[in-house]
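What follows is a short report on a single structure.
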Amino acid sequence: MPSPSLRLAVVGAGAAGLAAARELRREGHAPVVFERAAAVGGTWLYAAPASAATTDPLGAAATHSSLYASLRTNLPREVMGFLDFPFTAASSAVDTRRFPGHQEVLRYLEDFARRFDLYGIVRFETEVVGVRREAGGRWAVTSRKLGEKGKQDEEVYDAVVVCNGHYTEPRIAFIPGADAWPGKQMHSHNYRVPEPFLDEVVIVIGASASAFDISRDIASVAKEVHIADRSAPASTCEQQPGYDNMWLHSMIDRAQEDGSVIFQDGNSIKADVIMHCTGYLYDFPFLGDDSTISVDDNCVDPLYKHIFPIEVAPDLSFIGLPWKVIPFPLFELQSKWVASILSGRIKLPSKDEMMEDVKAIYLRREIRGWPKRYTHNFSGGYQFEYDDWLAEQCGHPPIEEWRKLMYAANSKNKAARPESYRDEWDDDHLVAQANEDFKKYL
């Protein structure tokens, strides 16, 4: 028989936390959501340039999100939305583009929170500073209200669901000689607008979506932009099509005290700024050793299905760790599964069986030749295998075929039209299928 309603702590009110709160409540539980910010949205909450400024431009001490002003989604809105709450360009939409700006995604998440009456269970401006396992297996959660110095509250919960995201603790590239280099270094976490880089020479490290967007954003005002891509052959030095002030290089070899930066291709430039678009680290500062997990080279270990620490499952769980995914549907299916397990409708395997599954994931990573930090990388089609497994566990239909095809079509279009894929596409037939499917929810 399903267990009685549990009192649950959810850490974070971004998309993952909102999905978790809804599914936990649908299953009959009583979640309380802790959110450090004054609003829902998580990484989709934009911090203006003034509030994004920090004494540490590499961002380690920053608590704001990572959005830059010009950011547009790199997935079409039809694909992005929760499975039963379509992200459509409705009459109420302010930004009706298929690849909208970040403000439209925030409005969508706010609509989701209103539609499912989640605002009343979120404690805003409340930071979780400690999570401790008690002798009986329950969890003591210590929190503090921002602005109230010295005051902390401790409450006991049956289980904790961690949804604090993974876009706040910057990963910094190692550059020999950087400590003595006189220029400015910063992480994309603190980038907002291009104007501060007027007439400067900027090096952007990275090959991700943010590196691509930010390099082009800055090129509109900078004297020169040089992109350092670790995956590029060592001899690479190529002017970028459509730009007379932007070049692609291999990775930086070293930085020097005279202000010059040497690339592996042998070229040297005098640069004003090095921008690290080098991703983020998983960070759970409120968890102690009793969480039974460790983070080594960005691998959260050991987690069954990237969600449950084996020794304390199911009373501690993580929503939203995988990357290279369509996030919102994955959050939703993970949350459905966690909610059903906590209520007793679904049973977890034995600890030994769960550990064997974790070992199989690590073996698959090693066979691919991937580094440890790619443990939670779901590229290569694995995300839909994972999503559909979760859906089957929960008695939910698999991910729609049009969504899978649209995701693949967008990836292909992005490769073919890297500068214009957000405004030109060839999959209108899939858009029509999606809109037909959405009718049952609207």
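The values are calculated or read from the model by the stated rules, or taken from the named source; none is laboratory data. Bear in mind the structure is a predicted one, so any value in this text is a computation, not a measurement. All Cβ positions, glycine included, derive from the backbone under ideal geometry; neighbour counts span all protein chains shown. Surface accessibility is based on the protein's heavy atoms, side chains included, excluding ligands, DNA and RNA. Shrake-Rupley method; radii C 1.70, N 1.55, O 1.52, S 1.80 Å.
If you build a Gaussian network model of the chain, linking Cα atoms that sit under 10 Å apart, which residue out of 176, 302, 314 swings the most?
Ranking 176, 302, 314 by mean-square fluctuation puts 176 first.
When all protein chains stay in place, what accessible area (Å², nearest 10, 1.4 Å probe) is found for residue 142?
Roll a 1.4 Å probe over it and residue 142 shows about 20 Å².
Got the relative contact order for the range 224-361 handy, in percent, Cα pairs under 8 Å and 6 or more residues apart?
Working: 164 pairs, mean separation 17.4, N = 138.
13 percent.
Mind running the shape call on the range 304-400? Use the C-alpha gyration tensor, a ≥ b ≥ c as the square roots of the eigenvalues: rounded below 1.5 for a/c, prolate if a/b tops b/c, oblate otherwise.
oblate
First compute the accessible area of the range 19-173 with a 1.4 Å probe, then give the percent of it belonging to carbon and sulfur atoms.
Summing carbon and sulfur atoms, their accessible area is 50 percent of the total for the range 19-173.
Output wanted: per-residue J couplings in Hz (rounded whole) for the range 316-327, from phi through Karplus 6.51 cos²θ - 1.76 cosθ + 1.60, θ = phi - 60°, x for Gly and Pro.
Per residue, the Karplus-derived 3J(HN,Hα) values read 9, 8, 10, 10, x, 6, x, 10, 6, 9, 8, x Hz.
How fast does the range 246-291 diffuse by Stokes-Einstein, in µm²/s, taking the Kirkwood radius from C-alpha pairs at 20 °C and 1.002 mPa s?
Numbers: Rh = 13.6 Å.
The Stokes-Einstein estimate is 158 µm²/s.
Counting only protein chains, not ligands or nucleic acids, how are 174, 85, 286 ordered by accessible area (probe 1.4 Å), most first?
Correct descending sequence by accessible area is 174, 85, 286.
With springs only between Cα atoms under 10 Å, which of 69, 432, 13 fluctuates most in a Gaussian network model of the chain?
Answer for the Gaussian network model of the chain: 432.
Give the Rg (one decimal place) followed by the Dmax (whole number) of the range 81-164, computed from C-alpha coordinates and expressed in Å.
17.9, 53
Does the range 117-265 come out rounded, prolate or oblate by the C-alpha gyration tensor, with a ≥ b ≥ c the root eigenvalues, rounded set by a/c under 1.5 and, if not, prolate when a/b is larger than b/c and oblate if not? Kindly include the intermediate steps, with their values, before the conclusion.
Details: a/c = 2.76, a/b = 2.46, b/c = 1.12.
It is prolate, given that a/c is not under 1.5 and a/b is the larger ratio.
Hey, any idea what % of the range 289-441's accessible area is carbon plus sulfur with a 1.4 Å probe?
That fraction is 51 percent.
Which value, in Å² and to the nearest 10, is the accessible area of residue 373 when all protein chains are kept and the probe is 1.4 Å?
80
How large is the accessible surface of residue 36 in square angstrom, using a 1.4 angstrom probe and rounding to the nearest 10?
Spelled out: residue 36, probe radius 1.4 Å, area about 90 Å².
Using a 1.4 Å probe and counting only protein heavy atoms, arrange 163, 394 so the residue with the most accessible area comes first.
Most to least solvent-accessible, the answer reads 394, 163.
Can you give the local net charge around residue 433? Use residues other than it whose beta-carbon is closer than 15 angstrom to its beta-carbon, Lys and Arg +1, Asp and Glu -1.
My count for the surroundings of residue 433 gives -2.
Pairing the Cα long axis of helix 351-368 with the longest principal axis of the chain, what angle in degrees results, from 0 to 90 and rounded to the nearest 10?
20
With respect to the cross-link table entries 324/372; 305/439; 324/404; 184/324; 336/412; 324/440, which display a Cα-Cα separation exceeding 25 Å?
305/439; 184/324; 336/412; 324/440, as the Cα separations exceed 25 Å there.
Under a 1.4 angstrom probe, counting protein chains only, how are 221, 105 ranked by accessible area, largest first?
On the way: 221 35, 105 0 Å².
Largest accessible area first, the list is 221, 105.
Can you give me the accessible area per residue for the chain, using a 1.4 Å probe, in Å²?
Spelled out: the 1.4 Å probe surface of the chain, per residue, equals 44 Å².
Label the range 193-267 by shape, choosing from rounded, prolate and oblate, from the square roots a ≥ b ≥ c of the eigenvalues of the Cα gyration tensor; if a/c is under 1.5 it is rounded, and otherwise prolate applies when a/b is larger than b/c, oblate when it is not.
Working: a/c = 1.75, a/b = 1.28, b/c = 1.37.
Here the range 193-267 falls in the oblate category.
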